[in-house]
Amino acid sequence: MVRPSNHNAQMVGDYKLERTLGKGSFAKVKQAVHTKTGERVAIKIISTKDANQHALRRIKTEISVLRMIGHPNVIQLKEVFASESRIFLVMELVSGGELLDRLALDRVFPVDVARKYMIQLLSAIDHCHKKGICHRDIKPENILLDEHGNAKVSDFGLSALYEQGFRATVLATACGSPHYVAPEVVSRGKYDGRAADIWSMGVLLFVMLTGTVPFSAQNIKALFTKIKGGSFVIPDHVPADARSLIERLIVVNPADRATMEEVAAHPFLQGKLGVLQPTAPIVPEI
Ligand code: ATP
């Protein structure tokens, strides 16, 4: 691993740190500029002294998964540095903020905007699934927007290879925003993370078109009961093709839920899934 420069607290390798872009539960994300090329990036900084085992596992997962993915709608990992006390993930910088903030401002997206985000995000998730990776934490906080309004999936800290069951991890950490969690994740036993991602995409489409979540309750136990029951009402203004896709995504039994192939062929997406070609894998081993 390359070590960051110790001469100046504001330098990380060849990057000069600038303003703070955001703070996660165990990381700080800063804007930075490459002193030679002038390229601006986002650097996620994790203090290995402060982070617990769970946080360190998340960051290791995020690094190894992002190294496997090269897709225009997934935040690109460019480099990783480490010092004795910190890990630095140098990532592509996006300037449009979180999809959550966009939703808070607009409340409901026009159908064409929701369709565009669905096509981009499903294309990214499909690419991940084909690499054997499930995101497992799809929600508007984890989707960033670039300056052109393109969606980029971020935060792969909870992702996993889909052969494995990781219910405990998901439940332990999804409590901040559990509205997107699939019923089989809430229930006991192993599950296929691909189908769980597809459920979350259904919830996201519902939210983008209606401004509300399909399942809500006073407390988490009641919420999970509602999610497992799977009853929700789609407002009348949602167009028929979007309604029909939501009804194929938010399906309690994962075996009956639409697969990615069925989703790709759905009329709401107008055959456009797969238009965005993945780029080559990007980060070499360091
Ligand atoms: P969480 O606790 O929510 O899982 P985290 O510690 O994994 O968070 P991130 O969610 O990845 O951290 O990042 C925190 C915030 O930093 C994001 O919500 C976003 O506002 C900002 N951010 C992260 N990556 C980028 C990026 N590549 N470009 C611009 N801003 C970013």
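The values are calculated or read from the model by the stated rules, or taken from the named source; none is laboratory data. Since we're looking at a predicted model, the values are computed, not measured. No Cβ is skipped: glycine too gets one built from the backbone with ideal geometry, and neighbour counts run over all protein chains shown. Surface accessibility is based on the protein's heavy atoms, side chains included, excluding ligands, DNA and RNA. Shrake-Rupley method; radii C 1.70, N 1.55, O 1.52, S 1.80 Å.
A few notes on this one:
- For the residue pairs Lys30/Lys139; Lys23/Lys44; Lys44/Lys116; Lys60/Lys190; Lys28/Lys131, the C-alpha atoms sit more than 20 angstrom apart in Lys30/Lys139; Lys44/Lys116; Lys60/Lys190; Lys28/Lys131.
- Positive contributions from Lys and Arg (+1) and negative ones from Asp and Glu (-1), summed over other residues with Cβ under 15 Å from the Cβ of Thr225, come out at +3.
- Over all pairs of different C-alpha atoms in segment 1-122, the reciprocal of the mean inverse distance, the Kirkwood hydrodynamic radius, equals 16.0 Å.
- Computed extension gain for Lys131 through Asn219, at 0.36 nm per residue and net of the alpha carbon distance, reaches 28.1 nm.
- Per-residue SASA entry for Met91, accessible area with 1.4 Å probe, Å² rounded to 10: 20 Å²
- Count Lys and Arg as plus one, Asp and Glu as minus one, and take only other residues whose Cβ is under 11 Å from that of Tyr117; the net charge is then +3.
- Taking all protein chains together and rolling a 1.4 Å probe, Arg40 ends up with roughly 110 Å² accessible.
- Segment 196-247 and segment 81-150: distance between their alpha carbon centers, rounded to Å: 20 Å
- Ordered from highest to lowest accessible area with the whole protein assembly present and a 1.4 Å probe, Thr20, Thr37 read as Thr37, Thr20.
- Taking GluC sites (Glu not before Pro) across segment 63-140, the ones in a DSSP loop with at most 13 further Cβ atoms lying within 10 angstrom of their Cβ are Glu84.
- Fraction of C-alpha pairs exceeding 16 angstrom in segment 216-255: 45 percent, rounded to a whole number.
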